[in-house]
Amino acid sequence: QKEVEQNSGPLSVPEGAIASLNCTYSDRGSQSFFWYRQYSGKSPELIMFIYSNGDKEDGRFTAQLNKASQYVSLLIRDSQPSDSATYLCAVNANPTTDSWGKLQFGAGTQVVVTP
Amino acid sequence: EAQVTQNPRYLITVTGKKLTVTCSQNMNHEYMSWYRQDPGLGLRQIYYSMNVEVTDKGDVPEGYKVSRKEKRNFPLILESPSPNQTSLYFCASMEGSTDTQYFGPGTRLTVL
């Protein structure tokens with residue numbers, strides 16, 4: 001079982017619509033959660049991080065975390081063609097464990113925003 | 001400008017020829033890491049370093065070496081590269097207060 005799982009997509013979203021991406025993780029002790037965006041051939045760039053249950057909003061992006069259900073999601077509102085990329089979910093372990101700092105990445109969800 | 005730099009960006013080499021990929025960060029981060037990215041497998045951690053002279057294996061360390069003699073530098077060494085090490089490599093450094101990792105631009109390595 002993969003530690004961090006995402007649907008690979010592609011997720012096709014009309015321009016202006018909401019893109020919804022999901023991620024589940026297996027380590028119940030995970031403490032911090034990240035969404036990265038990666039354009040083809042480029043390095044991952046941080047979109048958001050979230051530590052607490054609930055929603056966190058930043059511009060057109062909203063991250064949602066539910067630790068009891070072990071999932072984290074990302075909503076992209078008013079999707080633009082420039083949002084077309086692969087979105088990586090990453091999870092960091094509890095700082096008190098040996099795995100702290102060892103980010104576990106999902107394989108990524110490809111998003112395609114169509115005009 | 002806060003950044004992580006890697007060199008070279010592209011490298012084509014032959015099996016068995018030792019190579020080093022350099023990584024440097026100017027953010028005074030203690031934690032640094034190397035990842036490789038392969039289609040369908042996502043990002044996998046090779047080695048990481050919690051501080052100067054402190055390094056440990058990640059998920060896929062076989063065939064790689066690292067060193068951390070200075071805080072800002074974390075080179076990745078392939079003593080005897082093989083074709084299965086053809087990949088896209090990323091160096092990252094982590095801000096301790098937020099656990100946020102910042103990635104370098106990547107090095108695309110081809111081993112023939």
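The values are calculated or read from the model by the stated rules, or taken from the named source; none is laboratory data. Remember, predicted model here, so these are calculated numbers, not experimental data. With ideal geometry, Cβ positions are generated from the backbone for all residues, glycine too; neighbour counts draw on all protein chains shown. Each accessible area value is taken on the protein alone, full model and side chains, heavy atoms only, with ligands, DNA and RNA left out. Shrake-Rupley method; radii C 1.70, N 1.55, O 1.52, S 1.80 Å.
Before moving on, here are some points about what is shown:
- Residues of the stretch B:60-80 satisfying the condition of being part of a loop (DSSP other than H, G, I, E, B) and open to solvent by less than 70 Å² (accessible area, probe 1.4 Å): B:Val60, B:Pro61, B:Gly63, B:Tyr64, B:Ser67, B:Arg68, B:Lys71, B:Phe74, B:Pro75
- Every residue from the stretch B:63-94 that is more than 10 Å from chain A (Cβ to nearest Cβ), small (Gly, Ala, Ser) and touching a residue at least 40 places away in the same chain (Cβ under 8 Å): B:Ser80, B:Ser82, B:Ser87, B:Ser93
- Of all the numbered requirements in (1) touching a residue at least 24 places away in the same chain (Cβ under 8 Å); (2) open to solvent by less than 20 Å² (accessible area, probe 1.4 Å); (3) polar (S, T, N, Q); (4) more than 13 Å from every other protein chain (Cβ to nearest Cβ), A:Ser30 misses one, and that requirement is (4).
- Screening the candidates B:Ser97, B:Ser33 for the property of being within 12 Å of another protein chain (Cβ to nearest Cβ), within 24 Å of A:Ala90 (Cα to Cα), among the small types (Gly, Ala, Ser) and outside any loop (DSSP other than H, G, I, E, B) yields one hit, B:Ser33.
- Consider the stretch B:44-56 and keep the residues that are surrounded by 13 or more Cβ atoms within 10 Å (Cβ to Cβ) and more than 10 Å from every other protein chain (Cβ to nearest Cβ). The one that is farthest from B:Thr86 (Cα to Cα) is B:Val52.
- Restricting attention to the stretch B:36-59, the residues being of a type in the set (D, E, K, R), assigned to a loop (DSSP other than H, G, I, E, B) and at pLDDT 90 or above number 1.
- Just one of the numbered conditions (1) part of a strand (DSSP E or B); (2) farther than 23 Å from B:Ile46 by Cβ is not true of A:Glu5: (2).
- Residues in the stretch B:4-28 that are open to solvent by 10 Å² or more (accessible area, probe 1.4 Å) and closer than 11 Å to B:Cys91 by Cβ: 5 in all.
- Which listed residue is within 14 Å of B:Leu88 (Cα to Cα) and not small (Gly, Ala, Ser), from B:Leu19, B:Leu41: B:Leu41
- Pairs where the first residue, in the stretch A:14-25, is closer than 15 Å to A:Glu57 by Cα and the second is aromatic (Phe, Trp, Tyr), C-beta under 8 Å, 6+ apart: A:Leu21/A:Trp35; A:Leu21/A:Tyr87
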